[in-house]
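Inspection log for the structure reproduced underneath, given as structure tokens.
The values are calculated or read from the model by the stated rules, or taken from the named source; none is laboratory data. What you see is a predicted model; the values in this text were computed from it and never measured. Every residue, glycine among them, receives a Cβ derived from its backbone with ideal geometry; neighbour counts consider all protein chains shown. These area figures cover heavy atoms from the full protein model, side chains too; ligands, DNA and RNA do not enter into them. Shrake-Rupley method; radii C 1.70, N 1.55, O 1.52, S 1.80 Å.
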Amino acid sequence: MRFDRPATTNPIDQGRVVGRPTPRIDGPLKTTGTAPYAYEHYEVTPAPAVGYVVCAGIGKGRVAAMELRAARAAPGVLAIVTAQNAGKLGKGSKNTARLLGGPEVDHYHQALAVVVAETFEQARAAAALVEVSYEEAPGRFDLAAQKARAPLAKGDGMGGKAQTRVGDFDAAFAKAPVRLDATYTTPDQGHAMMEPHASIAWWEGPRLTVWTSNQMVDWAVTDLAKTLGLPKENVHVKSPFVGGGFGGKLFLRADVLLAALGSRAAGRSVKLALPRPLMFNNTTHRPATVQRIRIGASKDGRIHAISHESWSGDLPGGKPETAVNQTRLLYAGEHRHTAMHLAVLDLPEGNAMRAPGEAPGLMALEMAMDEMAEKLGLDPIDFRLRNDTQVDPEKPGRPFSQRRLAQCLKQGAERFGWHRRQARPAQVREGDWLVGLGMAAAFRNNLVMKSKARVRLDGQGRVTVETDMTDIGTGSYTIIAQTAAEVMGLPLEKVVVRLGDSDFPISCGSGGQWGGNNSTAGVYAACMKLRGLVAAKAGIGAQAQFVDGEVRGPGRAVPLAHFAGLVAEDGIEYGDLDKRYQQSTFGGHFCEVAVDAWTGEVRVRRMLAVCAAGRILNPISARSQVIGAMTMGIGAALMEDLQVDRRRGFFVNHDLASYEVPVHADVPHLDVVFLDETDPVSSPMKAKGVGELGICGAAAAVANAIYNASGVRVRDYPVTLDKLLGGLPGVV
């Protein structure tokens with residue numbers, strides 16, 4: 001199905017199933033512990049062997065020697081694979097670093113070997129016997145030290161420009177009556193998902209099958225085939241359940257490759273999970289940024305000049321953190337400049353983490369907007385509303401398909417009680433606590449991608465949906481079932497959903513908040529094709545209605561079970577609507593915090609997000625997505641910070657004990673409101689993404705609230721108490 005004109009009335013608009021609050025259909029499996037995750041497929045073979053990874057203990061250099069004799073002689077050892085005996089390996093297009101290093105070491109904890117043994121304990125003990133000697137080389141581990149020599153990036157990593165200019169920013173900024181020129185920093189952050197990277201691999205002749213935890217099944221197949229030099233048809237990837245990803249499982253990682261190599265060497269199926277420290281140093285992370293923002297405005301609060309420059313680092317051949325992207329679209333202003341600089345660093349690979357670009361970018365931009373509002377003597381919401389726009393500021397002839405940012409901010413202000421905010425900071429006290437309110441705008445683009453599905457009818461009148469789409473905890477199983485039920489006129493219990501298998505039609509996958517809208521649009525296309533086949537078989541034609549498990553036409557009704565065996569496969573393909581219209585999602589974050597006037601301890605008391613994201617397919621799972629994203633925003637604001645050992649080039653706090661994330665005691669009641677809207681330009685579903693919108697701007701809302709409470713402006717995230725103590729007004 002080609003989607004090249006805005007959607008008109010279609011079966012999704014009936015709203016019998018789609019749009020209704022629906023508990024997850026996979027919920028019982030997860031709550032009873034019977035959902036099989038990647039490491040838990042015991043049916044593969046009676047006794048799979050276990051792999052354990054040996055990783056580099058330096059940040060840069062080469063392996064001088066690797067002594068394996070003691071490890072090979074250890075009890076239970078079946079095989080040891082290194083770069084020397086792995087055979088010729090390619091490199092997937094999605095990876096910056098090689099997944100199996102040696103002799104060159106590209107970064108700390110790069111995999112150098114995998115030890116395969118009968119049990120986990122034997123594999124771990126033998127891996128400890130591997131002796132590696134190194135020739136260390138000087139490494140570049142400090143973004144601040146490399147910033148001055150960081151060139152302009154070659155692009156944004158997604159086909160866009162690293163730098164944009166509209167008008168004459170320098171001249172307009174120089175003559176602006178009110179100006180802001182400030183620098184903000186965000187630290188390296190880790191995904192810290194619950195389920196580690198894990199895989200089970202086994203070979204049947206030349207064909208490789210892998211159970212793994214991956215967000216993008218077809219990307220995994222493509223890059224695994226390329227790395228191993230196999231035809232794609234000889235690689236079978238299964239990922240039906242994923243225990244969290246946040247972008248860290250978008251791409252092929254070392255666990256998959258090493259399980260496959262270990263299985264080939266041992267002649268057995270092999271299971272392998274990365275220990276938690278390797279989750280931080282062996283895989284990917286969100287790169288740190290330095291961001292300079294300049295805003296020039298007239299005294300009436302109109303922005304005339306805005307510039308956003310960012311610096312981030314990655315391994316050679318890597319990509320920048322696209323922290324300036326939202327600034328190209330969020331606020332009006334005729335003179336504009338954005339630029340992304342990319343330093344070469346020898347730290348572990350930087351790559352996508354929930355809302356790459358916008359999440360760290362809005363941490364800076366939305367703090368700068370508050371600072372500018374204060375300079376102008378304006379309420380922060382009023383300042384944002386004065387600079388709202390219904391067109392792409394860089395391309396004024398290109399309108400937004402929907403843009404209800406103003407409604408989000410106004411409704412949020414009323415619901416949250418924004419009128420009680422004191423414009424002058426540090427004015428509200430409750431005993432030893434300083435209390436303040438903060439807000440920020442939320443913005444995340446809506447991306448459209450091809451997505452396919454296959455649907456079939458059986459003799460019980462059930463529809464089975466098959467697509468390689470994944471469910472990373474987002475609720476894909478349920479919204480796909482809702483879509484098929486709506487289009488085919490069935491109750492939800494008459495739909496079976498099968499996901500995460502490369503034998504199924506290729507979907508859009510999960511990431512970038514593109515999964516919900518595009519995967520359901522692909523299922524919609526397949527179901528509409530099936531409807532056509534059923535209607536033709538029934539002799540009803542275009543007048544066919546699908547209701548209560550029947551196809552109905554003038555004077556007749558035939559149960560869908562009558563058409564058992566009918567199969568339809570189709571997908572959604574997009575025309576140029578995303579070029580003609582800017583498709584984005586919007587929101588407003590509101591936060592109340594209390595800051596201890598003696599210690600600087602921060603407590604988030606309440607938060608609200610008001611979101612405009614097209615049709616909400618399932619309010620229950622959508623709300624959960626936004627709450628989870630807001631929680632990550634609290635973490636980004638207050639605690640998350642991968643500490644770099646700048647001598648050895650690794651993240652020191654590489655476990656869940658020392659990499660702090662919010663826990664129950666840190667998170668108060670979080671309120672979420674969705675505006676009632678549809679976006680006919682996005683897809684036949686008239687939906688857009690929502691899974692990442694909730695983190696965009698959330699951290700800045702917390703930081704702005706801390707300033708309003710305490711009068712201390714912290715531009716270097718996270719906002720920890722040591723950064724507050726020196727400026728607190730104390731208790732009178």
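Would you pick out the residues in the range 489-531 that are open to solvent by 20 Å² or more (accessible area, probe 1.4 Å), out of contact with any Leu (no Cβ under 8 Å at 6 or more places or on another chain) and part of a helix (DSSP H, G or I)?
Once the filter is applied, which keeps residues that are open to solvent by 20 Å² or more (accessible area, probe 1.4 Å), out of contact with any Leu (no Cβ under 8 Å at 6 or more places or on another chain) and part of a helix (DSSP H, G or I), the range 489-531 yields 492, 493, 494, 528, 529, 531.
Across the range 663-699, which residue is surrounded by the fewest Cβ atoms within 10 Å (Cβ to Cβ) among those that are under 22 Å from the mean Cα position of the chain (by Cα) and β-branched (Val, Ile, Thr)?
663
Test each condition in (1) touching a residue at least 40 places away in the same chain (Cβ under 8 Å); (2) open to solvent by less than 30 Å² (accessible area, probe 1.4 Å); (3) of a type in the set (A, V, I, L, M) for residue 567 and report the one that comes out false.
Only one criterion in (1) touching a residue at least 40 places away in the same chain (Cβ under 8 Å); (2) open to solvent by less than 30 Å² (accessible area, probe 1.4 Å); (3) of a type in the set (A, V, I, L, M) is unmet by residue 567, namely (2).
If you go through the range 351-387 one residue at a time, how many are open to solvent by 40 Å² or more (accessible area, probe 1.4 Å) and either at pLDDT below 95 or acidic (Asp, Glu) (or both)?
Total meeting the criteria: 3.
In this structure, is residue 602 open to solvent by less than 30 Å² (accessible area, probe 1.4 Å) and at pLDDT 95 or above? It would help to see each step written out before you state the result.
Details: open to solvent by less than 30 Å² (accessible area, probe 1.4 Å): yes; at pLDDT 95 or above: yes.
Judged against the criteria, residue 602 is a match.
Do we have residue 74 as open to solvent by less than 50 Å² (accessible area, probe 1.4 Å) and under 30 Å from residue 680 (Cβ atoms) here? Outline the logic, then answer.
Details: open to solvent by less than 50 Å² (accessible area, probe 1.4 Å): yes; under 30 Å from residue 680 (Cβ atoms): no.
So residue 74 fails the test.
Under 8 Å by Cβ, and 6 or more places apart or on different chains, what pairs join a residue from the range 382-403 that is farther than 15 Å from residue 445 by Cα and of a type in the set (Val, Ile, Thr) with one that is part of a loop (DSSP other than H, G, I, E, B) and open to solvent by less than 50 Å² (accessible area, probe 1.4 Å)?
Short answer, once both residue conditions are applied: 389/331; 389/332; 389/403.
Do you know which residues across the range 10-44 are surrounded by 15 or more Cβ atoms within 10 Å (Cβ to Cβ) and at positive phi?
The answer is 19, and nothing else.
Determine, yes or no, whether residue 627 is of a type in the set (Val, Ile, Thr), open to solvent by 10 Å² or more (accessible area, probe 1.4 Å) and modelled with pLDDT of 95 or more.
Working: of a type in the set (Val, Ile, Thr): yes; open to solvent by 10 Å² or more (accessible area, probe 1.4 Å): yes; modelled with pLDDT of 95 or more: yes.
Against the criterion (of a type in the set (Val, Ile, Thr), open to solvent by 10 Å² or more (accessible area, probe 1.4 Å) and modelled with pLDDT of 95 or more), residue 627 qualifies.
Return yes when residue 652 is at pLDDT 95 or above, open to solvent by 20 Å² or more (accessible area, probe 1.4 Å), closer than 21 Å to residue 192 by Cα and in contact with a strand residue (DSSP E or B) (Cβ under 7 Å, 6 or more places away or on another chain) and no when it is not. Break it down stepwise before answering.
Details: at pLDDT 95 or above: yes; open to solvent by 20 Å² or more (accessible area, probe 1.4 Å): yes; closer than 21 Å to residue 192 by Cα: yes; in contact with a strand residue (DSSP E or B) (Cβ under 7 Å, 6 or more places away or on another chain): yes.
So residue 652 passes the test.
Quick check on my filter: what residues within the range 46-66 are farther than 25 Å from residue 215 by Cα, open to solvent by less than 70 Å² (accessible area, probe 1.4 Å) and part of a loop (DSSP other than H, G, I, E, B)?
Within the range 46-66, 47, 56, 57, 58, 59, 60 meet the criteria.
Would you pick out the residues in the range 653-682 that are part of a loop (DSSP other than H, G, I, E, B) and within 21 Å of residue 246 (Cβ to Cβ)?
If we filter the range 653-682 for residues that are part of a loop (DSSP other than H, G, I, E, B), which is where we start, we get 653-663, 667-668, 675-682.
Within the range 653-682, 653, 654, 655, 656, 657, 658, 659, 660, 661, 662, 663, 667 qualify.
Identify all residues within the range 432-488 that are hydrophobic (A, V, I, L, M, F, W, C), in a loop (DSSP other than H, G, I, E, B) and open to solvent by less than 10 Å² (accessible area, probe 1.4 Å); write none if there are none.
Keep residues of the range 432-488 that are hydrophobic (A, V, I, L, M, F, W, C), which gives 433-435, 437, 439-443, 447-449, 453, 455, 457, 463, 465, 469, 472, 479-481, 484-485, 487-488.
Subset that is in a loop (DSSP other than H, G, I, E, B): 447-449, 469, 472.
Hit for the range 432-488 is 469, nothing else.
Could you list, in sequence order, all residues of the range 571-591 that are in contact with a Phe, Trp or Tyr (Cβ under 8 Å, 6 or more places away or on another chain) and in a strand (DSSP E or B)?
Our first condition is that a residue be in contact with a Phe, Trp or Tyr (Cβ under 8 Å, 6 or more places away or on another chain); within the range 571-591, this holds for 572-575, 577, 581-587, 590.
Correct list: 572, 573, 574, 582, 584, 585, 586, 587, 590.
Give all pairs with beta carbons closer than 6 Å in which a residue from the range 650-661 that is more than 15 Å from residue 187 (Cα to Cα) meets a residue that is open to solvent by 50 Å² or more (accessible area, probe 1.4 Å); count only pairs at least 6 apart in sequence or on separate chains.
Correct list of pairs: 655/276.
Could you list, in sequence order, all residues of the range 146-169 that are surrounded by fewer than 18 Cβ atoms within 10 Å (Cβ to Cβ), touching a residue at least 40 places away in the same chain (Cβ under 8 Å) and more than 29 Å from the chain's Cα centre (by Cα)?
Answer for the range 146-169, where residues must be surrounded by fewer than 18 Cβ atoms within 10 Å (Cβ to Cβ), touching a residue at least 40 places away in the same chain (Cβ under 8 Å) and more than 29 Å from the chain's Cα centre (by Cα): 149, 166, 167, 168.
Within the range 584-599, can you find the residues that are surrounded by fewer than 24 Cβ atoms within 10 Å (Cβ to Cβ) and touching a strand residue (DSSP E or B) at 6+ places or on another chain (Cβ under 7 Å)? Break it down into steps so the answer makes sense when it comes.
Here is the first cut: in the range 584-599, the ones surrounded by fewer than 24 Cβ atoms within 10 Å (Cβ to Cβ) are 594, 596-599.
594, 596, 597 - these are the residues of the range 584-599 that are surrounded by fewer than 24 Cβ atoms within 10 Å (Cβ to Cβ) and touching a strand residue (DSSP E or B) at 6+ places or on another chain (Cβ under 7 Å).
Looking at the range 348-364, I want the residues that are under 26 Å from residue 55 (Cα atoms) and have a partner that is aliphatic (A, V, I, L, M) and part of a helix (DSSP H, G or I) with Cβ atoms under 8 Å, at least 6 apart or on another chain. Which pairs are those?
Note: pairs meeting the criteria are 353/359.
Cβ-Cβ distance below 6 Å, separation of 6 or more or different chains: which pairs start in the range 512-536 with a residue that is in contact (Cβ under 8 Å) with a residue 12 or more places away in the chain and charged (D, E, K, R) and end on one that is surrounded by fewer than 24 Cβ atoms within 10 Å (Cβ to Cβ) and not in a helix (DSSP H, G or I)?
Pairs found: 529/568; 529/570.
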